[in-house]
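A short write-up of the structure that comes next.
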Amino acid sequence: MNWRALVYLIVGLVVAAPVQAERVFKRVDESGNVTYESRPSYGDGSIQEQDISGGQDPSEAAIALDRASQEYPVTLYAIANCSPCDRLRNLLSKRKVPFTEKDPTSDKMLYKELKDLSGSSSVPVVVVGEDVVQQITDEAVNTALDSAGYPKPQEEDGASQEDTDQPPAE
């Protein structure tokens with residue numbers, strides 16, 4: 001094989017390489033709670049499958065994500081029309097962290113659960129495993145996720161975490 005054919009072969013393989021994608025499943029139960037999971041769970045509620053492009057080795061990232069989500073599930077207590085809640089939803093989605101979202105205004109039991117966990121009725125509140133993140137900053141949430149073994153985001157944008165932190169909603 002001559003060098004020109006080899007170059008064309010290599011260029012063709014690079015151009016035709018498949019784009020890696022991860023599948024994420026969004027489940028909404030009968031109470032309106034939203035859960036994002038790496039695997040579908042077939043129970044009550046509707047399930048939507050979504051592909052998320054990724055560039056990491058899927059075996060390493062998928063194994064780390066699966067292990068962390070099994071051992072340290074993430075729950076976000078949040079409400080609609082809440083910019084700090086939206087910021088944390090985006091942070092979790094950016095890191096591709098499967099999480100259950102609970103709206104404490106939709107159910108008295110969820111309200112009591114939030115108050116028992118955090119000692120307050122303020123949202124947002126993030127629970128990683130048994131770790132209740134009281135200081136809701138990107139740095140605090142990322143530290144809890146890192147400690148639990150969740151994969152870090154692939155690319156960091158230019159803004160520092162301190163620039164994006166906002167106080168929690170009351």
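The values are calculated or read from the model by the stated rules, or taken from the named source; none is laboratory data. Being a predicted model, the structure only gives us computed values, none of them experimental. Reconstructed Cβ throughout: ideal geometry from the backbone, glycine too, with neighbour counts over all protein chains shown.
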Where Met1 falls short, out of the listed (1) at pLDDT below 80; (2) outside any strand (DSSP E or B); (3) under 29 Å from Pro124 (Cβ atoms); (4) not acidic (Asp, Glu): (3)
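Across the range 104-127, what is the total count of residues that are in a loop (DSSP other than H, G, I, E, B) and closer than 15 Å to Ala80 by Cβ? Steps first, answer last, please.
Initial filter on the range 104-127 (in a loop (DSSP other than H, G, I, E, B)): 104-107, 119-124.
Still in the running and closer than 15 Å to Ala80 by Cβ: 104-107, 123-124.
Total satisfying the criteria: 6.
What residue, of Leu114, Leu65, is farther than 21 Å from Asp146 by Cβ, of a type in the set (A, V, I, L, M) and crowded, with 20+ Cβ neighbours inside 10 Å?
The unique qualifying residue is Leu114.
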